[in-house]
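What follows draws every value from the coordinates through simple rules; no lab data is involved. Being a predicted model, the structure only gives us computed values, none of them experimental. Heads up, the Cβs are rebuilt from the backbone with ideal geometry, glycines too, and the neighbour counts pull from every protein chain shown.
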Amino acid sequence: MADTALMPIPGQIDPVPVARDITPRADGRTDLLGLPRGRITELFAAAGLDAKAAKLRGKQVFHWLYHRGVTDFDAMTDIAKAMRPWLAERFVIGRPEVVLAQHSSDGTRKWLLKTADDHEYEMVFIPDETRGTLCVSSQVGCTLNCRFCHTGTMRLVRNLTPGEIVGQVMLARDALGEWPKGSMAGFADDEDEEDEGGYSSDGRLLTNIVMMGMGEPLYNFDNVRDALKIVMDGDGLALSKRRITLSTSGVVPMMARAGDEIGVNLAVSLHATNKVVRDEIVPINRKYGIEELLQACADYPGASNARRITFEYVMLKDKNDSDEDARELVRLIKQYKLPAKVNLIPFNPWPGAIYDCSTPERIRRFSEIVFEAGISAPVRTPRGRDIDAACGQLKTAAQKMSRAELDRLADEKQAALG
Ligand code: SAH
Ligand code: SF4
């Protein structure tokens, strides 16, 4: 088992342990998954290839690795036969380890994954009529502790590496059989339900990515950026930036950089329209308030009517769901002249949560008010509830909570009730 040392670095709320860029392996070989072209080339040069050969092999291996999904050097047919064992002795192309793969009755799939140093994280695939969206995690746990979010209750937090992030997308392509044809030989596809359903590579099931799994992507900026660059690279996974959405709870100082250096669509977890409520349910608001956040949205590079910013709004009964809240939301969006749409998310309760979901009538009314003001405000239907895949449930079970945590949550609930 590889041993990944965790280095504490200062976070906004808590110290955030980060992982090294290359996790040492017990067999001494280097896992190339997650590395950019230039780094692969450097490693090839360091292993003894001359500069020209390293550059050529780096380019070829990058293509096979990310564009074709190949995990075996022997399948890289344009690399000389004699060269392939040389590569295999020194390098591997890994995948995140799958602990559990679940398939919901509504087509949603969830995977519980494990890092080499034994941390669990999750990804979810949500197909609908027009697209298939993969919900990708950026951290194990989250330091931000939003009061309605299950992930925020996890004690253990570590940033996922670029390989662990891009590896989620690659694993989903493996499972869905969506690598360009002709490169499928030799794929490890040992989950028994993976070949169900009429999936074909031509139909392109996986069309969109949302960074809305576990963690705050802007607290793991470099790794998320590096992973998404590979996802967007035409010779990599080749997914358009228009099909990728990054969701943040409001890490204001990183938003402009996200626009400049990543350039994907932005989603912002607003969830409240005034300081008192947002301070309570999204604690990062105490640091970066609503005005600052909305100004950063107004300044977000690339936002336009064609590429609107999504405001996520979790519907919490008697907390943030009044007509007045809906009107205030409209007022704020108009005040900052934001090209925006609103996603209303019915709250998904979890054991120990101190909130309830708003009633369907309340959610409908809220949606109507926003909609009547000319802003699209669809209600997001919960998906995959039977496998706990729904939004904010990306933590497998309350069993993982320590006794102390459960007690603390119970106390909080008691206090909130009266
Ligand atoms: N940390 C980022 C991205 C991950 S959370 C963020 O907060 O934006 C993805 C979305 O799920 C966020 O909008 C989050 O607020 C929402 N969410 C979390 N827990 C939820 C729950 N129990 N019910 C409904 N939505 C939830
Ligand atoms: Fe973290 Fe997002 Fe959950 Fe808040 S909602 S605790 S930022 S994952």
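Round to the nearest 0.05 the FRET efficiency obtained for S240 and K59 when R0 = 25 Å and r is the Cβ-Cβ distance. Write down the numbers at each step before the final one.
Working: r = 22 Å, r/R0 = 0.88.
Calculated value: 0.70.
Between R385 and R204, what length comes free when the chain is fully extended (0.36 nm per residue of separation minus the Cα-Cα distance, one decimal in nm)?
Working: separation 181, 0.36 × 181 = 65.16 nm, distance 2.43 nm.
Result: 62.7 nm gained on full extension.
Multiplying the sequence separation of E372 and D118 by 0.36 nm and subtracting their Cα-Cα distance, what value in nm do you get?
86.5 nm
Taking 0.36 nm per residue of sequence separation and subtracting the Cα-Cα distance, how much length would be gained by fully extending the chain between E324 and E261, in nm to one decimal?
Working: separation 63, 0.36 × 63 = 22.68 nm, distance 3.72 nm.
Here the segment from E324 to E261 would lengthen by 19.0 nm.
Given R₀ = 35 Å, what would the calculated FRET efficiency be for R25 paired with K341, taking r from the Cβ atoms and rounding to 0.05? Kindly include the intermediate steps, with their values, before the conclusion.
Working: r = 44 Å, r/R0 = 1.27.
Here the calculated transfer efficiency is 0.20.
Report ³J(HN,Hα) in whole Hz for each residue of the stretch 40-53, in order, from the Karplus equation J = 6.51 cos²θ - 1.76 cosθ + 1.60 where θ = phi - 60°; Gly and Pro get x.
5, 4, 4, 5, 5, 5, 5, 7, x, 6, 6, 4, 5, 5
With the cut-off at 31 Å, tell me which of the pairs K52/K110; K229/K334; K241/K334; K319/K341 have Cα atoms farther apart than that. Don't skip to the end; give the middle numbers.
Numbers: K52/K110 43 Å; K229/K334 33 Å; K241/K334 26 Å; K319/K341 21 Å.
Long pairs (Cα-Cα over 31 Å): K52/K110; K229/K334.
Per residue of the stretch 364-373, what does 6.51 cos²θ - 1.76 cosθ + 1.60 with θ = phi - 60° give for ³J(HN,Hα)? Whole Hz please, x for Gly and Pro, Karplus curve as stated.
Each residue of the stretch 364-373 in turn: 4, 4, 4, 4, 4, 4, 5, 5, 5, 8 Hz.
Could you give the nm distance between label points at A47 and A298, where each point is 7 Å from its Cα heading toward the beta carbon?
Going by the 7 Å Cα→Cβ label model, 5.3 nm.
Which cross-chain or sequence-distant (5 or more) residues have an amide H under 5 Å from the amide H of S247, H modelled 1.01 Å from N in plane?
Placed amide hydrogens put M211, A267 under 5 Å from S247.
Under the rule of at least 5 residues apart or a separate chain, name every residue whose amide H is placed under 5 Å from the amide H of S104.
Those qualifying (amide H under 5 Å, at least 5 residues apart or on another chain) are R109, K110.
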